[in-house]
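Remarks on the structure that follows.
The values are calculated or read from the model by the stated rules, or taken from the named source; none is laboratory data. Model, not experiment: these values are computed from the prediction. Cβ coordinates were reconstructed from backbone atoms using ideal geometry, including for glycine residues, and neighbour counts include every protein chain displayed. The area values use the complete protein model at the heavy-atom level, side chains included, leaving out ligands, DNA and RNA. Shrake-Rupley method; radii C 1.70, N 1.55, O 1.52, S 1.80 Å.
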Amino acid sequence: MSSAPLTAELLPAGLDAYLVRFALTPDPTAMGAARRFAAALEQTPPEGVEEIAAALVSVLVRLDPAAEREVIRAHLEDLAQAVVKGPLDLPPPTRRWTIPITFGGEAGPQLAQVSAALNLTEDAAVDQVCAADLRVLTIGFAPGQPYIGLMPEAWNLPRMSELNPSVPAGALVVAVRQFVLFGAESATGWQQIGQAAFRSFVPSRTPPMPLRGGDAIRFARASADDIARLTTDNDPMGGARLETL
Amino acid sequence: MTTLSIRRADGIMTVQDMGRPGHLAQGLSRGGAMDRRALLEAAALLGADTPLAALEMAGAGGEFTFDTATRIALTGAPMSATLDGTPLRWNAAHLVLPDQVLRLGGVRSGVYGYLTPAGGIATDPWLDSRATHLTIGIGEALERGCTVPLGDDPDPERPAMGLPAPNRFEGGTFRVVDGAHTALFSDAVIEAFYATTFVRAPRGNRQGIQLGSDARFATDAAQGIASDLIGPGDVQMTGDGVPYILMAECQTVGGYPRIGTVLPEDLPLIAQAAPGVALRPCHVSLDTALASARSEAAELRDLAKQCTPLIRDVATIRDLLSYQLISGVTCGDDLD
């Protein structure tokens, strides 16, 4: 937690948007503020707001070009000032996903390394992952691809110095207290500890990008065989379960 | 349903429209045509109320036939164009009859040429758009032998129209407004950026275009900043200070610092700058930019007013003798 009081900046983003920024760096308090700001705005969007998209510590608000800019600006300013007063923990989730993951082995080639860095056995590290109350912090870089967090401070693991040239779609990777569940095969500097059959982006599925920012996430241990079976079942949800809270 | 047959594809050819806005929160960028004005020009020429899905042709055209009479608009980067060997004017709409062969050559300047049928391309939409987005696996590059479904021309009798030739294909000055990261750059770097004449570098695609220069425009203040939302027009600096202008298919979030954002009206000029062409940034205040900004709907209305009927050169009319040229008696509807 940062000790300095949180501030909000309202900045222009092109001609048709404002960026409301709660910090420049990925500060956990600012993450809560950004998510709270986005949730409040989504609940009662002022007239003329076309799109609301939250990143880690900032929220982009896109306007209808014909909108009353100054009116919306004043509204965003007031809302941002109210949000920074707190509370600044993440707002309660409205949905929870439970996503089966197989950890370690071929599906998690860096689990041993990660566990060693945490001074834990592989089993204990996986227990912590599966017990953690996690959220979709933001979605981006690729369609549907979630950044999930936050793990406890001990998990503030640096990115690897050597890039992992390729992890498969569904790879669960970890760094800086966060997970990414890769939507497609990708190169990454994060460490792969597991593998899901769940796909965050399938164009032919309705919806193609099922996760939403703010969704609660639970990872559930599955065997490599389970994940292999779920993958070949042609169910792009990969056994993931969604509850409305 | 009308069908377009691609008998030859010389460049990268994809279906593009105005893209699919509204999905940034789920990591999906708007995408769509690189030169949005070219689609507005096509709509104006064809008398359409809104832009239609078109063929975007990068660098070179190809050879096409249609199975039903349909008007087409040719806009964007000018290419040599012939219909059964007869030259066609660029930035104009023309009637194409079944089995006539439309040949489009390489670009004479610019990068992206557009072929827009009057009924629009009628491939299956995905999230309310037909825009191909190759990097995420939506749609595909069209090749020789492909047939493409088209909507029927709603008004094939409408006279052929032309627009004055636009001048956005040889580079020039583009306007930039400050953005969320501008304050991270030193005054000296900002000043140097706006004093530089760049060339459009060879590196560039539908995601972004590199601005070439010997100078670098880095900022140390951007170390460790959190990624935030990015979009078309953002001028992003790589870690060592090389500028890229983000384009239609850019990613939705990024962690590189951005010195500003190119005005949407000037993005077609960037899209159409061929490698080596000079590009000069010009700083404008947000208030100035907003005061002169035109919505795309207003742009389309303006363009529609500029369209004039094409006057055919009698020398190019092959069946001249079949026309009623003397007595002045016609059924009248050909004078519309």
Exercise for review: Give segment B:259-309 a look and list any residue that's open to solvent by less than 40 Å² (accessible area, probe 1.4 Å), part of a loop (DSSP other than H, G, I, E, B) and away from every other protein chain (no Cβ under 14 Å), or say none.
Suggested key: B:Gln272, B:Ala273, B:Ala274, B:Val277, B:Cys307
Exercise for review: Hey, could you check segment B:128-140 for residues that are open to solvent by 40 Å² or more (accessible area, probe 1.4 Å) and within 21 Å of A:Glu185 (Cβ to Cβ) and say which is modelled with the lowest pLDDT?
Suggested key: B:Thr135
Point to revise | Condition met for A:Ala184 (of a type outside the set (Ser, Thr, Tyr) and away from chain B (no Cβ under 14 Å)) | key: no
Check your understanding: If you take the residues in segment B:244-258 that are within 12 Å of chain A (Cβ to nearest Cβ) and over 19 Å from B:Phe185 (Cβ atoms), which one is most open to solvent (accessible area, probe 1.4 Å)?
Key -> B:Gln251
Review point. Has segment A:181-194 got at least one residue that is without any contact (Cβ under 8 Å) to a residue 24 or more places away in the chain, open to solvent by 20 Å² or more (accessible area, probe 1.4 Å) and more than 19 Å from A:Met209 (Cβ to Cβ)?
Key: no
Exercise for review: State whether one or more residues within segment B:205-227 are open to solvent by 50 Å² or more (accessible area, probe 1.4 Å), free of Cβ contacts under 8 Å to residues at least 60 places away in the same chain, part of a strand (DSSP E or B) and in the same structural domain as B:Val284 (by the TED database).
Suggested key: no
Review point. Inside segment B:55-99, counting only strands (runs of 3 or more DSSP E) that do not spill past its ends, which hold 3 or more residues that are without any contact (Cβ under 8 Å) to a residue 40 or more places away in the chain and touching a strand residue (DSSP E or B) at 6+ places or on another chain (Cβ under 6 Å)?
Key: B:79-83
Practice item. Please verify whether segment B:306-313 includes one or more residues that are at pLDDT below 95, of a type in the set (Asp, Glu) and within 30 Å of B:Pro159 (Cα to Cα). Key: yes
Check your understanding: Cβ-Cβ below 6 Å, separation at least six or inter-chain, first residue in segment B:14-34 and more than 7 Å from chain A (Cβ to nearest Cβ), second β-branched (Val, Ile, Thr) and surrounded by 24 or more Cβ atoms within 10 Å (Cβ to Cβ): which pairs?
Key -> B:Thr14/B:Thr132; B:Val15/B:Thr132; B:Ser29/B:Thr252
Check your understanding: Out of all the residues in segment B:20-54, which are touching a Ser or Thr at 6+ places or on another chain (Cβ under 6 Å), of a type outside the set (Lys, Arg) and either outside any helix (DSSP H, G or I) or assigned by the TED database to the domain that holds B:Gln207 (or both)?
Key -> B:Gly27, B:Ser29, B:Leu52, B:Ala54
Review point. Mind checking which pairs have a first residue in segment B:162-174 that is β-branched (Val, Ile, Thr) and a second that is surrounded by 13 or more Cβ atoms within 10 Å (Cβ to Cβ), Cβ under 6 Å, 6 or more apart or different chains?
Key: B:Thr173/B:Arg280
**Study point:** Evaluation of B:Gly233 against (1) within 11 Å of another protein chain (Cβ to nearest Cβ); (2) more than 19 Å from the chain's Cα centre (by Cα) (one fails), failing number
**Key:** (2)
Exercise for review: Being under 18 Å from the mean Cα position of the chain (by Cα), farther than 16 Å from B:Val148 by Cβ and either open to solvent by less than 40 Å² (accessible area, probe 1.4 Å) or not basic (Lys, Arg) (or both) narrows it down to one of B:Leu45, B:Leu88, B:Leu55, B:Leu24, so name that one.
Suggested key: B:Leu45
Revision key, fill the gap. All-but-one check, A:Leu120 against (1) in a helix (DSSP H, G or I); (2) modelled with pLDDT of 95 or more, failing number (1)
Practice item. Working only within segment B:231-243, note down all residues that are touching a Phe, Trp or Tyr at 6+ places or on another chain (Cβ under 7 Å) and open to solvent by less than 20 Å² (accessible area, probe 1.4 Å). Key: B:Met237, B:Gly241, B:Pro243
Study note, to complete from the structure: Of the residues in segment B:167-182 that are surrounded by fewer than 21 Cβ atoms within 10 Å (Cβ to Cβ), of a type outside the set (Lys, Arg) and closer than 23 Å to B:Thr75 by Cβ, the one that is nearest to the other protein chains (Cβ to nearest Cβ) is B:Thr173
Review point. Is it true that some residue in segment A:46-55 is of a type in the set (D, E, K, R) and touching a Gly at 6+ places or on another chain (Cβ under 6 Å)?
Key: yes
Study note, to complete from the structure: Sole miss for A:Asn234 among (1) out of contact with any Ser or Thr (no Cβ under 6 Å at 6 or more places or on another chain); (2) farther than 27 Å from B:Ala25 by Cβ; (3) not in a loop (DSSP other than H, G, I, E, B) is condition (3)
Review point. What are the residues in segment A:195-213 that are within 11 Å of another protein chain (Cβ to nearest Cβ) and either among the aromatic types (Phe, Trp, Tyr) or buried (at least 23 other Cβ atoms within 10 Å of the Cβ) (or both), if any?
Key: A:Ser200, A:Phe201, A:Met209, A:Leu211, A:Gly213
